[in-house]
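Enquirer: Pasting a structure here, questions to come.
The values are calculated or read from the model by the stated rules, or taken from the named source; none is laboratory data. Since the model is a prediction, treat every value here as computed from it, not as a measurement. Note: ideal-geometry Cβ built from the backbone for every residue, glycine included; neighbour counts use all protein chains shown. SASA here: full protein model, heavy atoms, side chains in, ligands and nucleic acids out. Shrake-Rupley method; radii C 1.70, N 1.55, O 1.52, S 1.80 Å.
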Amino acid sequence: MSSIRQQPFRTAVLVLVWGWLLFLVLAPNLLVVGASVMTRDPGSFLSLPLNLDAYRQLMDPLYLDVFLHSLYMAAVTTLACLLIGYPFAWALSKVEKRRQLLLIFFLIVPFWTNSLVRTYALKLILATNGLINSALLSLGWIDEPVRMLYTEGAVIIGLVYLLLPFMILPLYSVFDDLREELVMASHDLGAGRFATFVHVIVPLTLPGVLAGVMLVLLPAMGLFFVPDILGGSRNLLVGNVIKNQFLDARNWPFGAAASIVLTLTMAVLMLAHRISKQRIGEEGSA
Amino acid sequence: MIRWLPRAWLMLIYGLLYVPIAVLVVFSFNDSRSGYTWGGLSLRWYETLFNNHAMVEAMWNSLWLALSAATVSTLIGGLTALALHRYRFRGKRVLNGMLFVVMMSPEIVLAISLLALFLLVGIQLGYVSLLLAHVTFCLPFVVITVMARLSGFDESLPEAARDLGASDFTMTRTVLIPVIMPALLAGWLLGFTLSLDDVVVSTFVSGPTYEILPLRIYSMVRVGLKPEVNALGTLLLVFSLVMLSLSQWILTRSKQ
């Protein structure tokens, strides 16, 4: 053990960092856990009798519907991102190295641009008198505008648009690490393209898939401004429920319980990611 | 397999990613009032934007917040990365874990936990609460950027400095800081952009006394179309492009 006097700099740094994380990460999260088992109080937000009412309320058909619908939209979003992103990352990793950096740069640019503004841009395109409808009308392919805005589809398009880079980047990193020899060895051993894909490429890229799923699925349940702008009142996300409960209805226990369900989902996904990574480590060294 | 297929896929997806942005930029110069139809070139929406006092004030507030949040998170994040790299201490894994959790957890979870804390401790919602929140979510990104730089670093230099009698602080100042400078700059720029773009966390922890740009935009785009948002979006796009290019340039130049 080193004393404070010997290494004042080290001590100062550690106190600062620990202080920050304990006060602004650990304490707030404990507060949320605490809030979720307390009782709603109109005056001071929370009061004492501890109970699981908030969790029970989550099972109320009204909210359960919103949750399941939100989960469904998030799942479709994640699947769409995966179906677009997997071949995309694969193709990207095949491009010559010099160009890859530039292409990645152009992948990151939109996601560094204000996400609200980008969601708003989608509105210009999808609206009843928006670009797609005017184009289709002037081409004579449709007789009257198709309703696209304020639908479930619009919310999913918005979520995919905002979250796609988060799927592509981890996938790109596993494809970039994928050793060409393994694929060739599989071919040499007589496996066809399909067998190689299923038995070699998919297992080796699985950690990237899970990382991508984690980075897309959870935000896809939380980005409340997307349904606000594109979805109308019927296509709410868990994020909208949490926001309404905290900021409008002032029902903190319920909002906190909803947020804990999200955190638990994250924990399960993180565990799956870890396990898949360890498996590959073992197979690789075996 | 068909050879051109992967390239065609790349081009298609890039195209789709940039269509909304292109629409935004083109429509920001649109003279038409309706917002959907083209009415000739004009800069009127840029004019409307800058004549909107609340908007300009929110812009300055956001800039100031992003500047200060990026600076504080770079300071703390840089020191954290140094500590994680140099020192052995108890709970190092816990510290790493907490940073990882902040980075991975959904923004809305962080948002409500911070709101609960601020109300309990009695921190008034405004500049201070926004600053604390923004520094917290920028921190892990700075730490990772700096750690990546330190991981490829020759350990004999700091040891030589210590052998020559430099104190820990002097060694850090004269040897380590110059080495991690490019990573600190890149981390600063990343934090700046993250802060400027944040909607979810800011919605919860901001108060009426300090309105920032993303929330201003949010209240505008929720109802109907506001063509000046196109102009604002275009300006923000150019701004992010400059910042991102700058950080890439710093990082690649430092590698050579």
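Enquirer: Every residue in region A:100-121 that is within 7 Å of chain B (Cβ to nearest Cβ), without any contact (Cβ under 8 Å) to a residue 12 or more places away in the chain and in a helix (DSSP H, G or I), please. Full working, then the answer.
Expert: Restricting attention to region A:100-121, the residues satisfying the condition of being within 7 Å of chain B (Cβ to nearest Cβ) are A:105-106, A:108-110, A:112-118, A:120-121.
Of the ones still in play, those that are also without any contact (Cβ under 8 Å) to a residue 12 or more places away in the chain are A:105-106, A:109, A:112-114, A:117, A:121.
Scanning region A:100-121 gives A:Phe105, A:Phe106, A:Val109, A:Val117, A:Ala121.
Enquirer: Mind telling me which of the residues A:Phe225, A:Phe254 ends up being within 12 Å of chain B (Cβ to nearest Cβ), closer than 30 Å to A:Met38 by Cβ, buried (at least 22 other Cβ atoms within 10 Å of the Cβ) and at pLDDT below 90? Before you say what the answer is, go through the steps one by one.
Expert: Numbers: A:Phe225 fails: at pLDDT below 90.
Going through A:Phe225, A:Phe254 in turn, the sole match is A:Phe254.
Enquirer: For residues that are at the interface with chain A (Cβ under 7 Å from one of its Cβ atoms) and touching a residue at least 12 places away in the same chain (Cβ under 8 Å), scanning just region B:1-28, find the one that is farthest from A:Phe105 (Cα to Cα).
Expert: Here the residue is B:Phe27.
Enquirer: Select from region B:159-170 the residues that are part of a helix (DSSP H, G or I) and either modelled with pLDDT of 80 or more or among the charged types (D, E, K, R) (or both) and list them in ascending order. Quick ask: steps written out before the conclusion?
Expert: As a first pass, look at region B:159-170 and keep what is part of a helix (DSSP H, G or I): B:159-163, B:168-170.
Matches in region B:159-170: B:Glu159, B:Ala160, B:Ala161, B:Arg162, B:Asp163, B:Asp168, B:Thr170.
Enquirer: For region B:173-224, which positions are of a type outside the set (Ser, Thr, Tyr), assigned to a helix (DSSP H, G or I) and open to solvent by 50 Å² or more (accessible area, probe 1.4 Å)? So that I can check it myself, show each step before the final result.
Expert: Quick first cut of region B:173-224, residues of a type outside the set (Ser, Thr, Tyr) only: B:173, B:175-192, B:194, B:196-201, B:204-205, B:207-208, B:211-217, B:220-224.
From the residues that got through so far, the ones that are assigned to a helix (DSSP H, G or I) too are B:173, B:175-192, B:194, B:196-197, B:200-201, B:204-205, B:213-217, B:220-221.
Listed by number, the residues that qualify are B:Arg173, B:Ile177, B:Pro178, B:Met181, B:Leu185, B:Trp188, B:Leu194, B:Arg216.
So that you can scan it fast, the table gives a plain yes or no per residue for (1) closer than 24 Å to A:Phe224 by Cβ; (2) open to solvent by 50 Å² or more (accessible area, probe 1.4 Å):
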residue	(1), (2)
A:Val13	no, no
A:Val17	no, no
A:Trp20	no, no
A:Pro28	yes, no
A:Val33	yes, yes
A:Leu64	yes, yes
A:Tyr72	yes, yes
A:Cys81	yes, no
A:Gly85	yes, no
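Enquirer: State whether the residues of region B:77-92 include one that is open to solvent by 30 Å² or more (accessible area, probe 1.4 Å) and more than 13 Å from every other protein chain (Cβ to nearest Cβ).
Expert: Within region B:77-92, not a single residue is open to solvent by 30 Å² or more (accessible area, probe 1.4 Å) and more than 13 Å from every other protein chain (Cβ to nearest Cβ).
Enquirer: Looking at A:Ala91, A:Ala154, can you tell me which residue is part of a helix (DSSP H, G or I) and within 11 Å of chain B (Cβ to nearest Cβ)? I'd like the intermediate steps shown before the answer.
Expert: Numbers: A:Ala154 fails: within 11 Å of chain B (Cβ to nearest Cβ).
Exactly one residue qualifies, and that residue is A:Ala91.
Enquirer: If you don't mind, there's one more thing I want to ask. So if I check each of B:Val109, B:Val102, which one is within 11 Å of another protein chain (Cβ to nearest Cβ) and crowded, with 23+ Cβ neighbours inside 10 Å? I'd like the intermediate steps shown before the answer.
Expert: Values: B:Val102 fails: crowded, with 23+ Cβ neighbours inside 10 Å.
None of the other options fit; the residue is B:Val109.
Enquirer: Let me confirm something: among A:Tyr161, A:Tyr120, A:Tyr172, which residue is farther than 28 Å from B:Val221 by Cα, among the aromatic types (Phe, Trp, Tyr) and either modelled with pLDDT of 80 or more or surrounded by 19 or more Cβ atoms within 10 Å (Cβ to Cβ) (or both)?
Expert: Matching residue, one of A:Tyr161, A:Tyr120, A:Tyr172: A:Tyr172.
Enquirer: Against the conditions (1) over 18 Å from A:Lys123 (Cα atoms); (2) surrounded by 21 or more Cβ atoms within 10 Å (Cβ to Cβ), where does B:Ala231 fall short? Just the number, please.
Expert: All conditions pass for B:Ala231, except number (1).
Enquirer: Output the residue which, of all residues in region A:193-209 that are open to solvent by 40 Å² or more (accessible area, probe 1.4 Å) and of a type outside the set (Lys, Arg), is modelled with the highest pLDDT.
Expert: Taking region A:193-209 first, the residues open to solvent by 40 Å² or more (accessible area, probe 1.4 Å) are A:193-194, A:197-199, A:202-204, A:206.
From what is left, the residues that are of a type outside the set (Lys, Arg) are A:194, A:197-199, A:202-204, A:206.
Values: A:Phe194: 77, A:Phe197: 77, A:Val198: 76, A:His199: 79, A:Val202: 80, A:Pro203: 81, A:Leu204: 80, A:Leu206: 86.
Only one residue tops the list, namely A:Leu206.
Enquirer: How about region A:124-148: which of its residues are touching a residue at least 12 places away in the same chain (Cβ under 8 Å) and surrounded by fewer than 22 Cβ atoms within 10 Å (Cβ to Cβ)? Full working, then the answer.
Expert: Narrowing region A:124-148 to residues touching a residue at least 12 places away in the same chain (Cβ under 8 Å): A:126-130, A:132-133, A:145-148.
Once the filter is applied, which keeps residues that are touching a residue at least 12 places away in the same chain (Cβ under 8 Å) and surrounded by fewer than 22 Cβ atoms within 10 Å (Cβ to Cβ), region A:124-148 yields A:Thr128, A:Asn129, A:Gly130, A:Ile132, A:Asn133, A:Pro145, A:Val146, A:Arg147, A:Met148.
Enquirer: Can I ask one more? Look at B:Val146 and say whether it is part of a helix (DSSP H, G or I), at pLDDT 90 or above and open to solvent by less than 60 Å² (accessible area, probe 1.4 Å).
Expert: Working: part of a helix (DSSP H, G or I): yes; at pLDDT 90 or above: no; open to solvent by less than 60 Å² (accessible area, probe 1.4 Å): yes.
Taking the combined requirement at face value, the residue does not satisfy it.
Enquirer: Quick check on A:Gly232: is it closer than 29 Å to A:Ala121 by Cβ and open to solvent by 10 Å² or more (accessible area, probe 1.4 Å)?
Expert: Working: closer than 29 Å to A:Ala121 by Cβ: yes; open to solvent by 10 Å² or more (accessible area, probe 1.4 Å): yes.
Answer is yes for this residue.
Enquirer: Under 9 Å by Cβ, and 6 or more places apart or on different chains, what pairs join a residue from region B:176-204 that is facing another protein chain (nearest Cβ under 10 Å) with one that is open to solvent by 20 Å² or more (accessible area, probe 1.4 Å) and acidic (Asp, Glu)?
Expert: What qualifies is B:Asp198/B:Glu107; B:Val199/B:Glu107; B:Val200/B:Glu107.
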